[in-house]
Structure formats: structure tokens, C-alpha cells
Amino acid sequence: MICHLEKWKLSNAADLTSIISNKKIQDNLRDGLPYPYTQQDGIDYISFLLSSNENDTFAFAITVEGKIVGSIAAFRQENVHRRTAELGYYLAEEYWGKGIMPEAVKQICDYIFSNSDILGIYAEPFAYNTASCRVLEKAGFQYEGTLRNNAIKNGKILDMKMYSRLKSDS
């Protein structure tokens, strides 16, 4: 199944809301997302993305056959990490396990490395999220190590895994 990355539009808010309102998805993301997620939350998030500096925020809707099925974004870090970006993503549950996300991750990395001065992209999935770890491995990321007791999610202390991909790896 081939996916495409497209710039977000305000008209995509309902699709975004539908996808991210799934508790299984939110349980694998960082805190800060309201649950339930409303269409206004989607409008606010897309507005934020559209007003962000395109050299610091690389954010796309993931589409399959013209339908929005997920989101992927990388955010430039600051200070001594200013040429590094942190990657995050999620996919509608009905599209899990179809090879879409590794392809989307490859596409965004290629885009960032070709269109910016970013030298490295990293991601920190929860250690228990083996599917997300596998996505990163399939997309050419290297496992850097485990960040022990690095997060608290849903009242549980969790490890996170660090993965990275360098421009020079491409």
C-alpha cells in the first residue's frame, strides 16, 4: 500500500479528529492531547502547524488513495541540538500492519534531509511499543539505547527507546 505525505489543510480537521480520538493511539503518544479530541482541537493543531516556520516544523498528513490515514511530523530542536529534529507519528488503527508507516517515515526523512540543514532525526517510542520500534528499524533508524524510567504515561513509569537516522546514513 503506497502512501503520500501532504500538507495539512484546515478542512482536514474532521479526519484528524476521527483518527486521534482512538484511545489506543493516544496511549502511545505523549501527554497533552485532550481526550476526547474534538474537531476544534484539530483546527487548533492544524492552525498551529500552518503558522509554524517551515524550516523548524515538518508536518504532514499521511494519505492512502486520497484519504487521510495518519499524521507525521518532525520538530527542529533548539540550542546545541538545532540541527536535529524529533520525529512523531500515528496511524489510524485500521491501517496498522500494512507497511504504511515505515514508508511515511522514509518519505519525511528524505524530505527533511533534502530541504533543510537537519543532520539527524530521532524518535523515542515507549519501550513496550514494539510496532513503533519496528517501524523505525524498517525505515533505516538505528537503535541507540534505552532511556530507563524516562516517562510517566497513564500513571505508569516507562522506559523509552532512542532511535536515530542521520543524513549521512542515506
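Some notes on this structure:
- Ordering Asn129, Thr63, Leu16 by Cα displacement along the dipole of the chain toward the positive end leaves Asn129 in first place; charges were set at the Cβ atoms of Lys, Arg (+1) and Asp, Glu (-1).
- Compactness of the range 60-101 as Cα Rg over 2.2 N^0.38 Å, two decimals: 1.46
- Portion, in percent, of the accessible area of the range 41-150 that falls on carbon or sulfur, probe 1.4 Å: 45 percent
- Under-5 Å amide H pairs with Gly70, H placed in peptide plane, nonlocal only: Ile62, Ala92
- The Stokes-Einstein estimate for the range 41-116, based on a Kirkwood radius over Cα pairs and taken at 4 °C with 1.567 mPa s viscosity, is a diffusion coefficient of 97 µm²/s.
- Average accessible surface area per residue within the chain, 1.4 Å rolling probe, Å²: 54 Å²
- Hull-based mean projected area of the range 80-134, where the convex hull spans the alpha carbons, in square nanometres: 4.4 nm²
- Each Lys and Arg contributes +1 and each Asp and Glu -1, all at the Cβ; summed about the Cα centre of the chain, the dipole is approximately 320 debye.
- Across the range 158-166, coupling constants 3J(HN,Hα) worked out from phi with the 6.51/-1.76/1.60 Karplus curve, θ = phi - 60°, read 10, 7, 10, 9, 9, 10, 9, 9, 9 Hz, and Gly and Pro carry x.
- Counted over all Cα-Cα pairs of the range 74-170, pairs farther apart than 16 Å make up 57 percent.
- Here, the range 1-159 yields an orientationally averaged convex hull projection of 9.3 nm² when only Cα atoms define the hull.
- Global geometry of the range 1-51, whether rounded, prolate or oblate, following the gyration tensor of its Cα atoms and the 1.5 cut on a/c: oblate
- Cut-off under 5 Å, modelled amide H: who pairs with Asp159 long-range: Ala127, Asn149, Asn150
- Extension reserve of the Asn28-Ala131 stretch, reckoned as 0.36 nm per residue once the Cα distance is removed: 36.0 nm
- Total lysine pairs under 23 Å (Cα atoms) in the chain, excluding pairs fewer than 8 apart on one chain: 28
The values are calculated or read from the model by the stated rules, or taken from the named source; none is laboratory data. Fair warning: this is a prediction, and the values are worked out from it, not measured in the lab. Positions of Cβ are generated from backbone atoms using ideal geometry, with glycine treated the same way; all protein chains shown enter the neighbour counts. Surface areas here come from the heavy atoms of the whole protein model, side chains and all, with no ligands, DNA or RNA. Shrake-Rupley method; radii C 1.70, N 1.55, O 1.52, S 1.80 Å.
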